[in-house]
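Comments concern the structure below.
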Amino acid sequence: MMVILVFFVIALCVFHFMVHYDKKGIIINKIPGPKAVPIFGNILSFMVPQNKLWNVKRKINNEFYPINRTWNFGRPFVNIYHPDDAEKLLTSMKHIEKGDIYHMTMPWLGTGLLTSAGSKWQKRRKMLTPAFHFNVLLDFVDIFVENGESLVNSLKSENGPFVKDLVPLLTKYTLNAICETAMGTTLHDDVNSRDTDYRSAVTQIGDLFIYRFFRPWLHPDKIFYSTSVGVKQSKLLNILHGFSNSIIFDRKKYYNNVVVKKNIENQKSEKLDSDMEFVKKKRMAMLDTLIAAQNNGHQIDDVGIREEVDTFIFEGHDTTAMALCFAVSLLAEHKEIQEQARNEVDDVLRESNGKMGMAEIQKFFYLERCVKEALRLYPSVPMVARNIREDLQLKNYVVPAGSCVQLYIYDLHRDPKFWPNPKTYNPDRFLPDRIQGRHPYSYIPFSAGARNCIGQKFALLELKALVAHILHNFELEAIDYAHEINILADLVIRPGQPIRVKFIPRVK
């Protein structure tokens, strides 16, 4: 027994020496950072409850501005939050492979657009980009407006002024919006419908990803799925995949019926179009683009379709919901800004006789600045990561191949060198004259470069439409203040407590 113990200790010492004193380790340790414990590195600092994990990262990033390194056992992480370094990382086509945290999501999202790399990512991006063309978004605006009207009608059913927790309230509508636009599926407005379980599962599985990420001994699948946490994840995956599979099944059934009918009509008129041309002409849902690609040359299989459906439903509703929650909360907290935004919405809708469409949404200039400032303070995706396969030269340091670089957008957006009084909510930061000369990578709520968010125009339109409906019909009073909300470490920015706002119906 003693021999085994001695051998184990020697093996750990050799491991530590090889990790920290080889060429890569020496280069990494030139980067400042918290003191690493032998063998464990900095992992013990992150062995805290999830509601404290966010503050651990903020403390490290504040102490070691503008770059630091941490060790997760033998795996080095370089954490950046300066625009110069962000630009170096995001503009390089050599470093587009997503980082380690995204590997935790693969049992759910597979290798869809969010997590794939190389030729697969390039093909999928090219395939899906037309689904978010401006002309397609024109059709989506009607759905955003309908969801806004549905939200308002639901709120008006309450008697007098009332208080609501924004997260469960607004997530319901962003989920319906992405399903109806990108998936061509309308969710039933029923409290017992499948979307309720889905939304709960998204929140829970995100917690599990973070829990597993900071415990390397749970990274091997055989170990993880033998634990209670792994068993729980399997149950959640059944809910998530069941939701997406049902949407795909329903849409395939509808789509194939439409295509069959179209082909019969074309044969009668001797005009034969491909499925892809049909989708393009009819500007159908993103899911139709995937189904057409499968029918037209088998460019994607059933697994690939589900990967993209899972990816877009998750990213298309959860990130938008968090942005919406913080935008509404900040407007409730800042009455003068709220009133100015409301006056703009009222003026535009007065001119259009109450109609809201693309033209009206594009006139909400001040409201757009309010939304952008909310995204500065609370970016929906607070961190992105890349695995580095070739040495990366940052402004002051080299990141060796084999490392993971984590770009903290949340901290980058609050850098006082680029944002005076960074914690203050001030939409005028985005006036045209103030944008000029600002570092282009000091504000990247939708990331940037080749892997920027494919749906950023979609998201901004939806955010403006929903916020405009709320402001036009209600006055808002903050119950919980955004800066006092405890934030949880997750794939998206997520409040660890309710964000309550009082809604006061307007008398018109």
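For the reader, a short list of remarks on this structure follows.
- Single match in 89, 137, 128, 114 (criterion: buried (at least 19 other Cβ atoms within 10 Å of the Cβ), on the phi < 0 side of the Ramachandran plot, in a loop (DSSP other than H, G, I, E, B) and touching a residue at least 12 places away in the same chain (Cβ under 8 Å)): 114
- Qualifying residue in the range 279-286 (condition: assigned to a helix (DSSP H, G or I) and either modelled with pLDDT of 85 or more or touching a strand residue (DSSP E or B) at 6+ places or on another chain (Cβ under 9 Å) (or both)): yes
- All conditions in (1) within 22 Å of the chain's Cα centre (by Cα); (2) on the phi > 0 side of the Ramachandran plot hold for residue 160, with the sole exception of (1).
- Residue that is nearest to residue 364 (Cα to Cα) [pool: residues in the range 469-508 that are in contact (Cβ under 8 Å) with a residue 40 or more places away in the chain and of a type in the set (Lys, Arg)]: 502
- Extreme residue, surrounded by the most Cβ atoms within 10 Å (Cβ to Cβ), among residues of the range 482-503 that are in contact with an Asp or Glu (Cβ under 9 Å, 6 or more places away or on another chain) and part of a helix (DSSP H, G or I): 482
- The range 17-45: number of residues that are touching a Leu at 6+ places or on another chain (Cβ under 7 Å) and free of Cβ contacts under 8 Å to residues at least 24 places away in the same chain: 1
- Residues within the range 41-68 that are more than 20 Å from residue 208 (Cα to Cα) and not in a loop (DSSP other than H, G, I, E, B), tallied: 9
- Check on residue 105, of a type in the set (S, T, N, Q) and buried (at least 19 other Cβ atoms within 10 Å of the Cβ): yes
- So residue 185, is it out of contact with any Gly (no Cβ under 9 Å at 6 or more places or on another chain), on the phi < 0 side of the Ramachandran plot and not in a helix (DSSP H, G or I): yes
- Residue list for the range 140-168, restricted to those being among the aliphatic types (A, V, I, L, M) and either without any contact (Cβ under 8 Å) to a residue 12 or more places away in the chain or not in a helix (DSSP H, G or I) (or both): 163
- Residue in the range 88-109 that is touching a Gly at 6+ places or on another chain (Cβ under 8 Å), farther than 30 Å from residue 418 by Cα and at pLDDT below 95 present: no
- One residue stands out among those in the range 465-481 that are part of a helix (DSSP H, G or I) and open to solvent by 10 Å² or more (accessible area, probe 1.4 Å): the one that is farthest from residue 443 (Cα to Cα), which is 473.
- Selection within the range 58-81 - open to solvent by 20 Å² or more (accessible area, probe 1.4 Å) and farther than 17 Å from residue 28 by Cβ: 58, 59, 62, 63, 65
- Failed item in (1) open to solvent by 10 Å² or more (accessible area, probe 1.4 Å); (2) among the aliphatic types (A, V, I, L, M); (3) in a helix (DSSP H, G or I), with residue 401 passing the rest: (3)
- Pair list, Cβ < 6 Å and 6+ apart or interchain, from the range 237-254 residues that are part of a helix (DSSP H, G or I) to residues that are of a type in the set (D, E, K, R): 239/197; 243/194; 244/306; 244/310
- Matching residues, the range 437-451, being at pLDDT below 95 and open to solvent by 40 Å² or more (accessible area, probe 1.4 Å): 437, 438
The values are calculated or read from the model by the stated rules, or taken from the named source; none is laboratory data. No experiment lies behind these values; they were computed from the predicted model shown. Cβ atoms come from the backbone with ideal geometry, glycine included; neighbour counts cover every protein chain shown. Surface areas here come from the heavy atoms of the whole protein model, side chains and all, with no ligands, DNA or RNA. Shrake-Rupley method; radii C 1.70, N 1.55, O 1.52, S 1.80 Å.
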